[in-house]
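What follows is a short report on a single structure.
The values are calculated or read from the model by the stated rules, or taken from the named source; none is laboratory data. Quick caveat: nothing in here was measured; it's all calculated off a predicted structure. So basically every Cβ, Gly included, is an ideal-geometry build from the backbone, and we count neighbours across all protein chains shown.
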Amino acid sequence: MHENSRNHTVQSDQTSGCDHGTLLAARTYQTSSFGRMRLIKVATVALAGASCYVGILLIYTVLTHTNGSSLQPRSQQDTNHVIRHVEGFAQAGSENAPMNGSDIIRNDRNRKSTYDDARAHAQKEENVTFSIKPALIDIDQAKLTTDALYRQLVVVTAFSQNHYKEALGMIGSAQQTMPNTRIVVYDLGIQESYKDKVRALCNVELRPFQFNKYPAFVKKVLTFSWKIIIIKEAVNEFGVVFWADASVRFRQPLKALLPFAQDHHGYLSRIHSYKADTKSPIKHNFYYTHELMYKWLGVDKEKYAKSSYAPHVAANRQLVINSSTVQQNFLRPLYACAMDKNCIVPPGSKHGRHRYDASALMLVIHKYFPGEFSRENDHLKDLDEVIYMHRKSNDWETARNC
């Protein structure tokens, strides 16, 4: 992946970088349902003397505490509490700033901000900033045509050798239904003798997943932290991404689903159920999520169990458009969790009892997209008409070479 195409290069002049990043964020959100006019005041304060990250952080604080169509308003006391910690961050510097993994700050003096850790990691390993992306497809301000979005759509997947044939079945169905759509495959451990076979497939680009850029626990493939990281990278690079597990198959082109994703701020996936106590036909991920993940993401498990809005979201098929809402309410909290072992792989979690990325996705949609989806508007039938699951490898020969 070309790093400069995914992110801003760090500028040597930090002040000018701050001006650019903060003004960019203000422009992006000034007229959106989340930003409103308060952002102008925040941007002015940030540019007056705060660091670049603090300026953008202040904007994010306002965004996550503004009454909008997809975020619940918080109390004034809670808002003031966040602002006080952000101001303390500006005075003390990033090394000592207490932050909250669920919104902005975590009241734990023994750990740094997860967001700050991710930002510092990106600067160290990739020489890029961890900030709001400049090339947003901001459908919260103006919808794009379905044709325009479809031209940008890229199917993204990742697999190791043990899923090779199953993944070829997915690629074959994508080639058949969307013959002009690009397919990007991330290599999680494909044998050398098979890599050229993948590269020979029509419309397919093979990329290595660079495990060494991320914390050591990411190398344990069954933690599925890599999936969240790949989705973030791909969305930032391509703008419109469909994540497909190896078991995904296509009945029709994904073009039919793009208007529905636009209706939900740029995100669409199959939602199996909405009540945490659901046990059939698909058992809810509530039963497979470690309690420490609830705490890390700031979700009360007991309240969640009784909630009428507990979407069980499928992690194996996700349509994502790089909107401002997707950046702030989806990618940012998910990525923060994926980069922290205590969130994605909490102590005591075990395969079969905890579902890692799927568990995180469940809680992020519940918390950061409150009331956004319902059985009346989640397009379950439309999704099933376009996509189905096939957990076998008997169709691997459908993949075409070019």
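Which of the residues that make up region 335-383 are charged (D, E, K, R), over 19 Å from GLU291 (Cα atoms) and surrounded by 12 or more Cβ atoms within 10 Å (Cβ to Cβ)? Scanning region 335-383 gives GLU372, ASP378, ASP382. Listed here are the helices (runs of 4 or more DSSP H) enclosed by region 231-319 that have at least 3 residues being crowded, with 23+ Cβ neighbours inside 10 Å, and there are none.
Residues in region 216-230 that are assigned to a helix (DSSP H, G or I) and surrounded by 13 or more Cβ atoms within 10 Å (Cβ to Cβ): PHE217, VAL218, LYS219, VAL221, THR223, SER225, TRP226, LYS227, ILE228, ILE229, ILE230. The residues in region 294-325 that are in contact with a helix residue (DSSP H, G or I) (Cβ under 7 Å, 6 or more places away or on another chain), in contact (Cβ under 8 Å) with a residue 60 or more places away in the chain and of a type in the set (Val, Ile, Thr) can be counted, and the count is 3. Give me the residue from region 140-153 that is surrounded by 20 or more Cβ atoms within 10 Å (Cβ to Cβ) and either among the hydroxyl-bearing types (Ser, Thr, Tyr) or not in a loop (DSSP other than H, G, I, E, B) (or both) and, out of that set, nearest to the chain's Cα centre (by Cα). The selected residue is LEU153. A Cβ distance below 8 Å, combined with a sequence gap of six or more or placement on separate chains, defines the contacts here; from region 343-355, residues that are assigned to a strand (DSSP E or B) reach residues that are loosely packed, with under 11 Cβ neighbours inside 10 Å in the pairs HIS351/LEU222.
Would you check if there is a residue in region 154-161 being closer than 19 Å to TRP396 by Cβ, part of a helix (DSSP H, G or I) and in the same structural domain as VAL204 (by TED's automatic domain parsing)? Yes, the conditions are met somewhere in region 154-161. Taking first residues from region 227-247 that are more than 15 Å from TYR267 (Cβ to Cβ) and in contact (Cβ under 8 Å) with a residue 24 or more places away in the chain and partners that are assigned to a helix (DSSP H, G or I) and among the aliphatic types (A, V, I, L, M), the Cβ contacts under 6 Å between residues at least 6 apart in sequence or on separate chains come to ILE229/ALA338; ALA244/MET170; ALA246/ALA167; ALA246/MET170.
Hey, any hits in region 368-381 for a residue that's in the same structural domain as TYR288 (by TED's automatic domain parsing), touching a His at 6+ places or on another chain (Cβ under 7 Å) and not aromatic (Phe, Trp, Tyr)? There is at least one residue in region 368-381 that is in the same structural domain as TYR288 (by TED's automatic domain parsing), touching a His at 6+ places or on another chain (Cβ under 7 Å) and not aromatic (Phe, Trp, Tyr).
Yes/no matrix, rows are residues, columns are (1) in contact with a strand residue (DSSP E or B) (Cβ under 7 Å, 6 or more places away or on another chain); (2) farther than 18 Å from LEU331 by Cα:
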position	(1), (2)
PHE242	yes, no
ALA246	yes, yes
LYS255	no, yes
ALA261	yes, no
SER280	no, yes
HIS290	yes, yes
LYS306	no, yes
ALA315	no, no
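I need the full set of residues from region 174-215 which are assigned to a loop (DSSP other than H, G, I, E, B), among the β-branched types (Val, Ile, Thr) and in contact (Cβ under 8 Å) with a residue 60 or more places away in the chain, in order please. Hit for region 174-215 is THR181, nothing else. GLU166 meets the conditions (1) in the same structural domain as VAL218 (by TED's automatic domain parsing); (2) surrounded by fewer than 20 Cβ atoms within 10 Å (Cβ to Cβ); (3) over 13 Å from LEU254 (Cβ atoms) in every case but one. The failed one is (2).
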